[in-house]
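Shown next, in structure tokens, is the structure this report addresses.
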Amino acid sequence: MEDISTSQLLKPLEQLYLAGNYQGTIDKLLEMRDQLDLGIYYYNLGTLQAKVGDMGAARYSLEQAQSYGFNSTTVKNNLNFVKNNLAQNGVVMEYSSPKDKMLEFSSSFGMSSVLIVSLLFVLVTQAIYFFAKRKWDRTLVVLIFIFILPIAAKFYVDQTFIQAVTLKDGPVYEGPSQIFEKKLDIKSGAKLVVKNNGDGWYLIQSPQEYIGWILGPQLAFLRNKQ
């Protein structure tokens, strides 16, 4: 288990963990959720879920740990182990289309990161204009637009699309109802970008190999990075 400042809280789990009773450790950890930092909680939960072979849930938990800012080397190593295991079982890991890559790139940055980069760009631009003693002409309007554009784009993506991980194997349909033809079966552990249809159905936007409609209970939704 991770050596952290909340080690006293995790102490009751140590004996179960060292004895190899991973499911018992998971059950106890679930009871302690509200007492722990969520990044630490999801890291430990994901590690234990990988131990019991529940790779879909493990991926979700470890991705959640990162979304809460817990980015230690052990989190990355454990997540890579889980992803490799899922890939060997046929879960799509590579994003092939430009749309897939754009959505993945956008989701990899939090709004705070976008704001910082945009603000730095404005400050550098102001400095260049000041030292060059140039007038604040229409070029400035363009630069302000460039500053606002990534923020607006990030806001749109975060408000429109949701990242999720499938927690169980299940069908993807051609339309938002089970009366439509089943398009494919999707495996547990697939990371998706979806759009909420408002009636329990979600349209998979990415990866393109999985595009179709899926029921909400098959999914666990990831928190947007801040």
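Derivation of every value follows stated rules applied to the coordinates shown; laboratory data play no part. Keep in mind that what you see is a predicted model, and the values were worked out from it rather than measured. Positions of Cβ are generated from backbone atoms using ideal geometry, with glycine treated the same way; all protein chains shown enter the neighbour counts.
What does the extension gain come out to for Lys195 and Leu18, with contour length at 0.36 nm per residue minus their alpha carbon separation? Could you put the intermediate results ahead of the total?
Working: separation 177, 0.36 × 177 = 63.72 nm, distance 4.18 nm.
Result: 59.5 nm gained on full extension.
So, by mean Cβ neighbours within 10 angstrom, what's the order for 13-21, 169-177 with the highest one leading? Please list the in-between numbers first.
Numbers: 13-21: 13.9, 169-177: 15.4.
Per-residue Cβ counts within 10 Å, averaged per peptide and sorted highest first, yield 169-177, 13-21.
Measure up Lys11/Lys191; Lys28/Lys195; Lys76/Lys195; Lys28/Lys182 against 31 Å on the Cα-Cα distance and list the ones that go over. Intermediate results must be reported in sequence, preceding the final value.
Values: Lys11/Lys191 33 Å; Lys28/Lys195 34 Å; Lys76/Lys195 27 Å; Lys28/Lys182 39 Å.
Long pairs (Cα-Cα over 31 Å): Lys11/Lys191; Lys28/Lys195; Lys28/Lys182.
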